[in-house]
Ligand code: PTJ
């Protein structure tokens, strides 16, 4: 059979082609220093969560995205924090979203390693980024409440931001940013991570699906009045939204269990 295969040798017809191609992007990113070694493992953890809610954008994620976009549009100094995984998977979308929202991009890494900031800068610039913060290590200031490398932030970016968008986090920063009075919007496939629980708005979905959808929502909500945007935000309840997401996971696993039993019962003599 003469099948269309990509540069990774994955045929288009493979039922998990998208997932496999995304893995290869992450691996390539690691070889180019964009992604930290631990980023591969973080991606695997994300995949596992994605799997147990159907690898699709569920209604609570849409609600969270709408509240997130409304919050970012109304923010005075919004900032989008960029790490290795996000940069390799969604560089073009990060740039488009930052332009649509009038929000700056700041590279902020957990794993500092010689050459990583430069590597991420290059792919963001290739994607069209004109202004990137977090480049000059000597200029950084520290968030005292934070122990990890992420405490070093750009004085013109996260440090003075009122709303911080943090796709794919590692836990402790959300709490620290909140202590500093900032509104935190997180994207995390794990609905019960520390980041998810502590963020003001938690989008439980894959960053690869979230950013294109957020761009679409931004163009829609930019036409809304301030009052309408405030209403979207005040109607939103993060705790309830995470609970809905957990119910979706529970039901999805229940359904999978039934399907697996049906299959096993029908094939008992094989
Ligand atoms: O580039 P760096 O140095 O800043 O490091 C980035 C990583 C992601 C390696 C670092 O922040 C880290 O170690 O993160 P954690 O603690 O592994 O947490 C990452 C979270 O992101 C986990 O809860 C994953 O489920 C989730 N996640 C992984 N892939 C995705 C994701 N969430 C949304 N979309 C994904 N594609």
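Every number here is computed from the coordinates shown, using simple stated rules; none is lab data. From a predicted model like this one, the values you see are computed outputs, not experimental measurements. Ideal geometry is used to build each Cβ from the backbone, glycine not excepted, and the neighbour counts take in all protein chains shown.
Note on residue 56/residue 126: beta-carbon distance plugged into 1/(1 + (r/R0)^6) with R0 of 35 Å gives a FRET efficiency of 0.75.
How big is the antiparallel share of DSSP beta bridges in region 59-242, given as a percent to the nearest 5?
Values: 2 of 19 bridges.
Of all bridge pairs located within region 59-242, approximately 10 percent are antiparallel.
The chain: percent of C-alpha pairs farther apart than 26 Å? In whole percent, the long-distance tail amounts to 44. Helix 37-51 and the long axis of the chain differ in direction by around 50°, with both axes built from C-alpha atoms. Per residue of the chain, the DSSP helices (runs of n ≥ 4 H) give a summed -39500 (n - 2.57) that works out to -17000 deg cm²/dmol at 222 nm. For the listed peptides 90-103, 71-84, a ranking on the average number of other beta carbons within 10 Å per residue, highest first, reads 71-84, 90-103. For the chain, the longest principal axis of the alpha carbon atoms and the long axis of helix 238-266 meet at an angle near 20°. Relative to the longest principal axis of the Cα atoms of the chain, the long axis of helix 84-101 makes an angle of roughly 60 degrees.
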